[in-house]
Every structure is written in structure tokens, then in C-alpha cells.
């Protein structure tokens, strides 16, 4: 399911990317503008790739943070003398 909000003007001819909020005028920089009428999504190819990379990085950071908290909790539980005050 597409989570990008479609941005269109009144006559629905001027499609805008849901990520960068720009249209066909930036295709040389952002890649081809794609539109899915069924899911009501519009996005440039490079904008979609950048968002996918960003989500992967954020997901990795969340997992890393959770892992660090788990390690700290286990260390405090079993070896409290090793944790600085």
C-alpha cells in the first residue's frame, strides 16, 4: 500500500511527487515521475529510492538502539558493579 499522499491541482493534470512536492520539471534531477491511479500515489523514481534507503537506515538505528538497551539491562541485572554511576 502506498503511503505517499498525492498532490494534484484542481484539474488533476499537474501531478506532484509525494516526497519532494515537485513535478515533471525536476525529472532530470529526481528521475521519471510515476503515478499509480489505483493507489493514488505519485513519486519520482529517485525520491522513492532515497525514501527506501532512509527507512532502512532508521529501521537499523531502532534495532541497534533496542539491542543496546537490552545489553545494558542484562548487564545491570547480572553485573551491576560494571555499570558506571
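The single condition from (1) outside any helix (DSSP H, G or I); (2) surrounded by fewer than 16 Cβ atoms within 10 Å (Cβ to Cβ); (3) in contact with a helix residue (DSSP H, G or I) (Cβ under 9 Å, 6 or more places away or on another chain) that residue 43 fails is (2). Which number in (1) in a helix (DSSP H, G or I); (2) surrounded by 12 or more Cβ atoms within 10 Å (Cβ to Cβ); (3) at pLDDT 80 or above marks the one condition that residue 25 misses? For residue 25, the exception is condition (2).
The values are calculated or read from the model by the stated rules, or taken from the named source; none is laboratory data. These numbers were taken from a predicted model, which means no experiment stands behind them. Quick reminder, even Gly has a Cβ in these numbers, built from the backbone with ideal geometry, and neighbours come from all protein chains shown.
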